[in-house]
Amino acid sequence: SQTIHQWPATLVQPVGSPLSLECTVEGTSNPNLYWYRQAAGRGLQLLFYSVGIGQISSEVPQNLSASRPQDRQFILSSKKLLLSDSGFYLCAWNRDRITDTQYFGPGTRLTVL
Amino acid sequence: EDKVVQSPLSLVVHEGDTVTLNCSYEVTNFRSLLWYKQEKKAPTFLFMLTSSGIEKKSGRLSSILDKKELSSILNITATQTGDSAIYLCAVACTQGGSEKLVFGKGTKLTVNP
């Protein structure tokens, strides 16, 4: 069976500090991978998605970036965090053209102070 | 711009009540509509609907899609306190060869004993 991991679970960072969130998927190959942010009182906002190694599509221009160095690894980064980057970050995966259902990881709660 | 609108945004009921949650959408290249339940962390998958008029059912939860009206409803009968959660509606659409989910803001359901 497939499992998706995210870490860390919670993170408190000062404004201007860097960020690195990691997501890995087990039990499948060549998944589509997604990063979402859920801010308080708002829906899930798609940030990035990837259909393969090194292939990243950005949905919202901002100070975040994503990378996919390995087939089942997806990383969300920032060089300098802003207060507005606070939120709940979710990684998700699915299989291309087989099902639309996305399966979510446990999430990372990021607080920028 | 693709969008998904859920109503109501929040709902408070008593145990045993029946509730109906609504989801309407405007997207290009519709593939399916999904319902998720989010309690404290990651959304968990409930239903995927692709065909109009066919009800999906799981225990006390059921959902149906109306492609003509571009909408879906999620029904919960005989509600329990454990049904308290945010219910997310998402529409899968295809853009640039990849599948994406566009989420609504969710309906926060509170079931009081």
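The values are calculated or read from the model by the stated rules, or taken from the named source; none is laboratory data. Owing to the predicted nature of the structure, the values given are computational and were not obtained by experimental measurement. All Cβ positions, even for glycine, are placed from backbone atoms using ideal geometry, and neighbour counts span all protein chains on display.
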Got a number for residues in region A:41-60 being within 11 Å of chain B (Cβ to nearest Cβ), assigned to a loop (DSSP other than H, G, I, E, B) and aliphatic (A, V, I, L, M)? 0
Can you work out which of the residues in region A:28-40 that are of a type in the set (A, V, I, L, M) and part of a loop (DSSP other than H, G, I, E, B) is farthest from A:ARG95 (Cα to Cα)? A:ALA40
I'd like the residue in region B:29-55 that is closer than 22 Å to A:ALA92 by Cα and among the hydroxyl-bearing types (Ser, Thr, Tyr) and, out of all such residues, is nearest to the other protein chains (Cβ to nearest Cβ). B:SER32
Flagged in region A:89-105 as touching a Lys or Arg at 6+ places or on another chain (Cβ under 6 Å) and either modelled with pLDDT of 95 or more or at positive phi (or both), in numbering order, are A:TYR89
Filter result for A:VAL51 (touching a residue at least 12 places away in the same chain (Cβ under 8 Å), farther than 26 Å from B:SER10 by Cβ and in contact with an Asp or Glu (Cβ under 6 Å, 6 or more places away or on another chain)): no
Name the residue, out of A:SER65, A:SER1, A:SER78, that is in contact with a Pro (Cβ under 9 Å, 6 or more places away or on another chain), polar (S, T, N, Q) and more than 13 Å from chain B (Cβ to nearest Cβ). A:SER78
(1) outside any loop (DSSP other than H, G, I, E, B); (2) surrounded by fewer than 21 Cβ atoms within 10 Å (Cβ to Cβ); (3) within 8 Å of chain A (Cβ to nearest Cβ) all hold for B:THR110 apart from (3)
Determine whether A:SER1 is over 24 Å from A:ASN63 (Cβ atoms) and either out of contact with any strand residue (DSSP E or B) (no Cβ under 8 Å at 6 or more places or on another chain) or not in a strand (DSSP E or B) (or both). yes
Exception for A:SER65 within (1) assigned to a strand (DSSP E or B); (2) surrounded by 20 or more Cβ atoms within 10 Å (Cβ to Cβ) falls at (2)
Given the structure, is B:GLY104 within 9 Å of chain A (Cβ to nearest Cβ), more than 22 Å from A:ILE4 (Cα to Cα) and buried (at least 21 other Cβ atoms within 10 Å of the Cβ)? yes
Look at A:ASP71 and say whether it is among the acidic types (Asp, Glu) and free of Cβ contacts under 8 Å to residues at least 60 places away in the same chain. yes
Looking at region B:80-101, which of its residues are surrounded by fewer than 20 Cβ atoms within 10 Å (Cβ to Cβ) and small (Gly, Ala, Ser)? B:GLY82, B:SER84, B:ALA85, B:GLY96, B:GLY97, B:SER98
Within region B:11-57, residues of a type in the set (Ser, Thr, Tyr), surrounded by 12 or more Cβ atoms within 10 Å (Cβ to Cβ) and part of a loop (DSSP other than H, G, I, E, B) come out as B:THR50, B:SER52
Consider A:LEU33 against the criteria (1) touching a residue at least 24 places away in the same chain (Cβ under 8 Å); (2) away from every other protein chain (no Cβ under 13 Å); (3) among the aliphatic types (A, V, I, L, M): it satisfies all of them except one. Which criterion is unmet? (2)
Let me confirm something: among A:ARG42, A:ARG37, A:ARG72, which residue is among the charged types (D, E, K, R), under 20 Å from B:GLN38 (Cβ atoms) and surrounded by 15 or more Cβ atoms within 10 Å (Cβ to Cβ)? A:ARG37
